[in-house]
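Colleague: Pasting in a structure now, in structure tokens, and then I'll have a few things to ask.
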């Protein structure tokens with residue numbers, strides 16, 4: 001669309017209607033979910049039957065709110081632990097990968113870069129099944145041939161961490177690489193000429209410049225891990241993450257506690273996104 005061309009009244013009205021419908025389609029389900037978290041009904045759906053906080057705080061024989069629901073609280077804690085470990089590992093390995101791919105040409109650089117991007121085009125379901133089959137094969141080999149029991153290769157917490165780490169790292173590499181491409185290398189050269197060693201240059205100059213990208217990549221990695229479903233579904237053990245637990249509740253029938261969880265997740269992710277945006281703008285200024 002050429003901005004300088006005159007626009008008819010009909011076009012302007014149509015464009016505004018389109019924008020309004022687009023955002024209604026995008027946010028209406030989220031708004032309804034948030035409203036139903038406070039609905040005084042035993043079913044997680046309309047009609048509206050009055051305001052209540054029971055689905056957060058109740059603890060009686062008829063209703064059990066989120067903060068007294070041991071099963072849901074445990075799954076939230078598992079998701080937080082998983083997301084924290086995955087985001088830390090992804091930041092470390094992803095940042096190192098970004099540094100690697102920004103070096104001068106080296107043998108197999110293009111092939112390695114292609115392999116790094118491969119998880120982006122592999123469906124999460126296929127990735128989860130592949131990791132599950134591979135880990136089971138390794139675990140059986142160690143147990144049958146060497147007599148070594150390796151619980152880490154069985155479905156469970158650490159296999160979920162490994163599965164999520166395998167593709168979330170790719171996003172960190174892309175985010176950090178995009179920031180690193182804009183870095184002025186003469187700053188490093190000047191610091192080296194002034195007597196700084198390589199570690200001091202990376203710590204005080206390069207990583208400080210990459211701080212907005214690292215904060216953004218870490219936030220994205222945490223959220224991607226926290227809400228991941230496709231890959232986690234095939235790797236989870238006796239400790240389900242929150243998305244898996246919600247899926248099981250929806251499948252078997254649930255109370256509006258699921259709306260309360262969704263409300264808190266929306267508030268949490270929105271707050272995290274706003275904090276990330278604030279620090280990114282503050283750093284740019």
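Colleague: Just report the Cα centroid separation between region 43-121 and region 12-37, whole Å.
Modeller: About 26 Å separates the Cα centre of region 43-121 from the one of region 12-37.
Colleague: Next up: Distance in nm between label sites at residue 105 and residue 20, each 7 Å beyond Cα in the beta-carbon direction?
Modeller: According to this spin-label approximation, the distance is 5.7 nm.
Colleague: Any chance you could get the radius of gyration and Dmax over the Cα atoms of region 180-227, in Å?
Modeller: 14.0, 46
Colleague: Something else: Tell me, what is the FRET efficiency for residue 113 and residue 59 to the nearest 0.05, using R0 = 45 angstrom and their Cβ-Cβ distance as r? Walk me through the numbers before you get to the answer.
Modeller: Values: r = 54 Å, r/R0 = 1.19.
Given R0 = 45 Å and the Cβ-Cβ separation, E is 0.25.
Colleague: Now a separate question. How do the peptides 102-112, 36-46 rank, highest first, by the average count of neighbouring beta carbon atoms within 10 Å per residue?
Modeller: 36-46, 102-112
Colleague: OK, next. Counting helices only, and only those DSSP H runs with n ≥ 4, report the 222 nm mean residue ellipticity of the chain as the sum of -39,500 (n - 2.57) divided by its residues, in deg cm²/dmol to the nearest 500.
Modeller: The per-residue figure over the chain is -23000 deg cm²/dmol.
Colleague: Counting only C-alpha contacts under 8 Å and six or more residues apart, can you give the relative contact order of the chain as a whole percent? Walk me through the numbers before you get to the answer.
Modeller: Working: 294 pairs, mean separation 83.9, N = 285.
Dividing the mean separation by the residue count of the chain yields 29 percent.
Colleague: Taking Cα centroids, how far is region 189-209 from region 249-271 in Å?
Modeller: If you average the Cα positions of each part, the centres end up 46 Å apart.
Colleague: What distance in nm separates the simple spin-label points at residue 144 and residue 129, each placed 7 Å from Cα in the Cβ direction?
Modeller: 2.2
Colleague: Decide, for the chain, between rounded, prolate and oblate: order the square roots of the alpha carbon gyration tensor eigenvalues as a ≥ b ≥ c, take rounded if a/c falls under 1.5, and otherwise choose prolate if a/b is larger than b/c, else oblate. Write down the numbers at each step before the final one.
Modeller: Numbers: a/c = 1.99, a/b = 1.19, b/c = 1.67.
Note, shape of the chain comes out oblate.
Every number in this text was worked out from the coordinates using simple rules, so none of it is lab data. Only a predicted model underlies this, so the values are computations on that prediction, with no experimental measurement involved. FYI the Cβ positions are ideal-geometry reconstructions off the backbone, even for glycines, and counts take in every protein chain you see.
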